[in-house]
1. Considering the range 58-95 alone, what residues qualify as being among the hydrophobic types (A, V, I, L, M, F, W, C), within 18 Å of the chain's Cα centre (by Cα) and either over 17 Å from THR151 (Cβ atoms) or modelled with pLDDT under 95 (or both)?
2. Check the range 154-169 and report whether any residue there is in contact with an Asp or Glu (Cβ under 8 Å, 6 or more places away or on another chain), open to solvent by 20 Å² or more (accessible area, probe 1.4 Å) and farther than 22 Å from PHE208 by Cβ.
3. For a quick check of your reading of the model, give me the residue pairs whose first member lies in the range 52-66 and is free of Cβ contacts under 8 Å to residues at least 12 places away in the same chain, whose second is among the aromatic types (Phe, Trp, Tyr), with beta-carbon atoms closer than 6 Å and at least 6 apart or on different chains.
4. How about the range 142-210: which strands (runs of 3 or more DSSP E) wholly inside it have at least 2 residues that are within 28 Å of PHE244 (Cβ to Cβ)?
5. If you check ARG192 against the conditions, is it in contact (Cβ under 8 Å) with a residue 24 or more places away in the chain and open to solvent by 40 Å² or more (accessible area, probe 1.4 Å)?
6. Counting just the residues of the range 87-108 that are open to solvent by 10 Å² or more (accessible area, probe 1.4 Å), in contact with a strand residue (DSSP E or B) (Cβ under 9 Å, 6 or more places away or on another chain) and not basic (Lys, Arg), which one comes out nearest to ASP65 (Cα to Cα)?
7. Out of the residues in the range 237-264 that are of a type in the set (A, V, I, L, M, F, W, C) and more than 19 Å from the chain's Cα centre (by Cα), which is modelled with the lowest pLDDT?
8. Which ones in the range 212-236 are surrounded by 19 or more Cβ atoms within 10 Å (Cβ to Cβ) and either modelled with pLDDT under 95 or polar (S, T, N, Q) (or both)?
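The values are calculated or read from the model by the stated rules, or taken from the named source; none is laboratory data. This structure is a prediction, so every number in the text was calculated from the model and none was measured. Positions of Cβ are backbone-derived with ideal geometry, glycine not excepted, and every protein chain shown enters the neighbour counts. All accessible areas refer to the heavy atoms of the entire protein, side chains included, with ligands and DNA or RNA removed. Shrake-Rupley method; radii C 1.70, N 1.55, O 1.52, S 1.80 Å.
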Amino acid sequence: MARHSFGAGGNRCSLSITRFIASFVVRLARKFQKLFTRDAAESLWEHACRWTHPVSSRRILATIDEAELVRLREHYPYRPNARKINAYEDANYWVGVNVKRVQDLWLDRSPPLDILDLGCGPGYFLYLCRLFGHEGLGLDPDDEPFFRGTTNFFGVSRVVARINAQTPLPDLGKQFDLVTAHRVCFHRIARRENGEWLEWTQADWKFFINDVRRRFLRPDGRLLLEFNRRQDGSSFFTPELRAFFESQGARIVRWKALLAADPAERPRFKTGSGGL
């Protein structure tokens, strides 16, 4: 009986170990699979490119009076039901985010550019651009009172306007070398009952892209659109949207689409020759 009991326990133990090993192998296989995805390869390339021209976030933070940002937040408290995940007074976080944006577009090494930032938010990106010698103009609706204080604090020029489907952008009186839009959300029209967003159609995107190309980009200008991931964590670029943006001449890297003024040209993130 004792030997039988021992044997049964041994079988249960052996079965548990087998299940654990099988589960571990499956998880490991999934991790290896992720390592060889297109997204992972592009992420590795981005990190490698940033490494070739490092930028010191610490030195940039030293130019910002972080205590003043805290005072601005006290003066402009969070709106009711606002998501505090985006604590825009957290200069350390947002400088880090925007250093990467500057590096990815090689703005730390390019000659002075005229830049239009659509949805400029608190103004960190254009502030960093100015530190590297560029001229910037923001465009944003006046929905977030805190942004009034931060754009003034950073010395960022801003035009108050909203971007709507099938509607030309306001006349800004000039053209730009680079037009950017980070964490794009102006294409979201309304939420459906299931929580998903009703978004612009391909026709809406085509109107917007053509408007920017025709009226706001210089002949060698670029348009960068950076998108959020979808609610389920998947890419904004569904197969249909990827095909559409590529048909407009976009170079797509991870969640970003880069377009040239000329639809027949495939632009580079790096100014000049070489690079992505």
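1. ILE85, ALA87
2. No, because not a single residue in the range 154-169 is in contact with an Asp or Glu (Cβ under 8 Å, 6 or more places away or on another chain), open to solvent by 20 Å² or more (accessible area, probe 1.4 Å) and farther than 22 Å from PHE208 by Cβ.
3. none
4. 176-184, 188-191, 197-199
5. no
6. Checking each candidate, the answer is VAL97.
7. Looking at residues that are of a type in the set (A, V, I, L, M, F, W, C) and more than 19 Å from the chain's Cα centre (by Cα), I get ALA264.
8. Residue satisfying the conditions is PHE236 alone.
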